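J.: One structure, pasted below without further comment.
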Amino acid sequence: MKIIELTCTVDKQGGLKIPAHILREMGITSGDSVRLAYLSSGAACDSRNTYRKFMVTPSGITAALDECEPDTGEFSIPAELLEAAHIPPDSDITITCVDGAIIIGEAELFAIPNELSELIADLGIDPENVRVSFTGGDEDE
């Protein structure tokens with residue numbers, strides 16, 4: 001699947017004109033009905049176009065998604081796990097893979113717990129080197 005984005009301007013009457021050549025490329029011709037799908041925040045009572053994006057399809061979003069190859073690499077983290085890890089549900093996350101483990105954490109916060117940091121230091125290892133190896137960063141960053 002490829003997403004192609006273009007910019008259109010809302011006219012003085014509040015309408016939006018999609019150029020005819022774009023509609024033709026989509027297989028939509030004069031007289032066809034189309035479906036408009038957009039993203040809301042997800043709250044049950046909120047139907048606003050939160051992200052100011054929408055998708056036009058000839059047969060609806062479900063049909064458009066059914067045409068795509070399944071993305072087997074997609075997953076979601078249950079809210080209970082995020083809560084247990086004290087990660088707000090709307091946070092960006094980072095995923096770090098190490099031998100035998102996948103570490104999921106809040107993107108801007110990857111801190112080694114104090115107890116673990118002390119243990120690492122007791123072993124003669126600089127805790128900052130451990131943090132850098134987990135985040136894939138450079139010690140000079």
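The values are calculated or read from the model by the stated rules, or taken from the named source; none is laboratory data. Here the structure is a predicted model, which means the values were calculated and not measured. Heads up, the Cβs are rebuilt from the backbone with ideal geometry, glycines too, and the neighbour counts pull from every protein chain shown.
J.: Right, L65: under 17 Å from the mean Cα position of the chain (by Cα) and at pLDDT below 70 or not?
T.: Details: under 17 Å from the mean Cα position of the chain (by Cα): yes; at pLDDT below 70: yes.
Taking the combined requirement at face value, the residue satisfies it.
J.: A further question on this structure: Since S33 meets every condition but one in (1) at negative phi; (2) at pLDDT below 70, which condition does it not meet?
T.: Single failed check for S33: (2).
J.: Ok, one more. Return the only residue of I87, I125, I112 being in contact with a Pro (Cβ under 7 Å, 6 or more places away or on another chain) and either in a loop (DSSP other than H, G, I, E, B) or modelled with pLDDT under 65 (or both).
T.: On the way: I87 fails: in contact with a Pro (Cβ under 7 Å, 6 or more places away or on another chain); I125 fails: in contact with a Pro (Cβ under 7 Å, 6 or more places away or on another chain).
Checking each option against the conditions leaves just I112.
J.: Inspect segment 43-60 for any residue being under 30 Å from V10 (Cβ atoms), modelled with pLDDT of 70 or more, of a type in the set (S, T, Y) and loosely packed, with under 12 Cβ neighbours inside 10 Å and give the result as yes or no.
T.: Within segment 43-60, one or more residues are under 30 Å from V10 (Cβ atoms), modelled with pLDDT of 70 or more, of a type in the set (S, T, Y) and loosely packed, with under 12 Cβ neighbours inside 10 Å.
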